[in-house]
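The values are calculated or read from the model by the stated rules, or taken from the named source; none is laboratory data. Here the structure is a predicted model, which is why all the values come from computation and not from measurement. FYI the Cβ positions are ideal-geometry reconstructions off the backbone, even for glycines, and counts take in every protein chain you see. Please note that ligands, DNA and RNA were not included when accessible areas were found on the heavy atoms of the full protein model with its side chains. Shrake-Rupley method; radii C 1.70, N 1.55, O 1.52, S 1.80 Å.
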Amino acid sequence: MTGPAPRRVVQQIPAYVPGARPGADGAYKLSSNENPFPPLDGVREAVARASADLNRYPDMYASDLVAALAARHGLEPAWVVAGCGSVAVLAHVLEAFCDAGDEVVHAWRSFEAYPIAVSLQGAVGVRVPVDAAGRHDLPAMAAAVGPRTRVVLVCTPNNPTGPAVHADELEAFLDAVPRDVLVVLDEAYVEFVRDADAADGLAALRARENVVVLRTFSKAYGLAGLRVGYALAHPDVAAAIRTAATPFGVNQLAEAAALASLEAEPALAERVAAVVAERERVLAGLRAQGWDVPESQANFVWLATGERTVDLAADARAHGLLVRPFAGEGIRISIGEPAANDRVLEVAATWR
């Protein structure tokens, strides 16, 4: 390369790998943890109305959405920061709290965007392996916190394995982490959680000033195509995140859709319940086949397929299923419509 060279870290980090997209074969797309239901009519209508003003900049801080989210969670607007998906908001958290060389502790395998976001900030990722059940090893993560640690990322439910962190585990972990270390609870899939022992991120946020909760409209709310996420944090922390945030990070179509979705939560809750019911059916079916599947609390399941992973993902595609392989480790399969889930069970049975 004879022109300007990118930063070394940009040359070295692996690119984020999106879920495969269907082609003319019409395969079921179970590779991106999307909601299988189309947008509600009221959401589409709200987007259409908002499109009349596309020549104008949106509200700088998505103020109407921030106010609605604050009211929904029993907080003041100063506690809410909206952005272009929870991944972007996470990047702003790291920009606000990490200098080059600072450490960020997180589980692994967990969300694959974490190492990318950490490295781009110039920070150093400290990976702590999940346990045999695909769960965060929080005592080991607490032990990994050192003098250079600035942020800890806790993904609950964990992507791609599925289990949620339990309340007693989180409480003990937060007791062990210094108060000047920020603990980010990534709750992208929280609406799908049915584990009675699961941690309550909002309760942890209210009790401790060093907790940040990340949420998204991409999964349960079915707005993955519009990219809306947000952070809940104590006002001083939220102000720092807001300072680092991209101006006009939430476009007006996305804000309109998110507001309409909040108003339609009863209908969306029915859809979430349907996805959860299908998740439980798929989990039961896989276990009946002999698979040792982690206790997913999200809208996907995880199969530890080891060295067979890439070959099995190719076989799934040959049978009309797009899944998300993690080479040498396992396959994440999103919960789709019942017909897609039926095919998952049929194909997985041939892999035993």
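I'd like the residue in the stretch 129-152 that is under 22 Å from residue 298 (Cβ atoms) and in contact with a Leu (Cβ under 8 Å, 6 or more places away or on another chain) and, out of all such residues, is surrounded by the most Cβ atoms within 10 Å (Cβ to Cβ). Applying the filter and picking the extreme gives 152. Annotation note: of 295, 263, the sole residue that is of a type in the set (Asp, Glu), more than 22 Å from residue 28 (Cα to Cα), more than 20 Å from the chain's Cα centre (by Cα) and open to solvent by 10 Å² or more (accessible area, probe 1.4 Å) is 263.
Mind checking which residues of the stretch 188-198 are out of contact with any Ser or Thr (no Cβ under 6 Å at 6 or more places or on another chain) and part of a loop (DSSP other than H, G, I, E, B)? Explain how you work it out, then say what you get.
Start the filter on the stretch 188-198 by keeping residues that are out of contact with any Ser or Thr (no Cβ under 6 Å at 6 or more places or on another chain), which leaves 189-198.
Across the stretch 188-198, the qualifying residues are 189, 193, 194, 195, 196, 197.
Within the stretch 56-63, is there a residue that is within 20 Å of residue 250 (Cα to Cα), hydrophobic (A, V, I, L, M, F, W, C) and under 22 Å from the mean Cα position of the chain (by Cα)?
yes
Candidates are the residues of the stretch 298-323 that are touching a strand residue (DSSP E or B) at 6+ places or on another chain (Cβ under 7 Å) and closer than 19 Å to residue 135 by Cα; the one that is most open to solvent (accessible area, probe 1.4 Å) is 304.
I'm checking my understanding of the structure. Among residues of the stretch 202-237 that are assigned to a helix (DSSP H, G or I) and farther than 23 Å from residue 63 by Cα, which one is most open to solvent (accessible area, probe 1.4 Å)?
Selected residue: 207.
For beta carbons closer than 7 Å, sequence separation of 6+ or different chains, a first residue in the stretch 51-74 that is closer than 21 Å to residue 263 by Cα and open to solvent by less than 60 Å² (accessible area, probe 1.4 Å) and a second that is assigned to a helix (DSSP H, G or I) and of a type in the set (Asp, Glu), the qualifying pairs are 58/255; 62/255; 65/255.
Residue 179 meets the conditions (1) open to solvent by 50 Å² or more (accessible area, probe 1.4 Å); (2) over 20 Å from residue 233 (Cβ atoms) in every case but one. The failed one is (2). Cβ-Cβ distances below 8 Å connect the following pairs, each with a first residue in the stretch 82-109 that is under 28 Å from residue 62 (Cα atoms), a second residue that is open to solvent by 20 Å² or more (accessible area, probe 1.4 Å) and of a type in the set (Ser, Thr, Tyr), and a separation of six or more residues or different chains: 82/61; 83/246; 84/246; 88/246; 92/246; 96/243. Residue by residue through the stretch 145-162, note down the ones that are out of contact with any Ser or Thr (no Cβ under 9 Å at 6 or more places or on another chain), hydroxyl-bearing (Ser, Thr, Tyr) and in a loop (DSSP other than H, G, I, E, B). 156 - this is the single residue of the stretch 145-162 that is out of contact with any Ser or Thr (no Cβ under 9 Å at 6 or more places or on another chain), hydroxyl-bearing (Ser, Thr, Tyr) and in a loop (DSSP other than H, G, I, E, B). When the helices (runs of 4 or more DSSP H) confined to the stretch 238-348 are screened for residues that are more than 25 Å from residue 39 (Cβ to Cβ), those reaching at least 2 such residues are found at 265-288, 309-318.
Name every residue in the stretch 139-155 that is farther than 27 Å from residue 100 by Cβ and either in contact (Cβ under 8 Å) with a residue 60 or more places away in the chain or touching an Asp or Glu at 6+ places or on another chain (Cβ under 6 Å) (or both), in order of residue number.
Of the stretch 139-155, the ones farther than 27 Å from residue 100 by Cβ are 139.
Hits for the stretch 139-155: nothing passes.
I'd like to know if the stretch 182-191 contains one or more residues that are open to solvent by 10 Å² or more (accessible area, probe 1.4 Å), touching a residue at least 12 places away in the same chain (Cβ under 8 Å), in contact with a helix residue (DSSP H, G or I) (Cβ under 9 Å, 6 or more places away or on another chain) and not hydrophobic (A, V, I, L, M, F, W, C). Looking through the stretch 182-191, at least one residue is open to solvent by 10 Å² or more (accessible area, probe 1.4 Å), touching a residue at least 12 places away in the same chain (Cβ under 8 Å), in contact with a helix residue (DSSP H, G or I) (Cβ under 9 Å, 6 or more places away or on another chain) and not hydrophobic (A, V, I, L, M, F, W, C).
Out of 123, 113, report the one residue that is farther than 20 Å from residue 198 by Cβ, free of Cβ contacts under 8 Å to residues at least 60 places away in the same chain, in contact with a helix residue (DSSP H, G or I) (Cβ under 8 Å, 6 or more places away or on another chain) and open to solvent by less than 30 Å² (accessible area, probe 1.4 Å). The match here is 123. Restricting attention to the stretch 249-266, the residues being of a type in the set (D, E, K, R), more than 19 Å from residue 52 (Cα to Cα) and in contact (Cβ under 8 Å) with a residue 60 or more places away in the chain number 1. Note on the stretch 8-44: residues that are more than 30 Å from residue 332 (Cβ to Cβ), open to solvent by 80 Å² or more (accessible area, probe 1.4 Å) and under 27 Å from the mean Cα position of the chain (by Cα) total 1.
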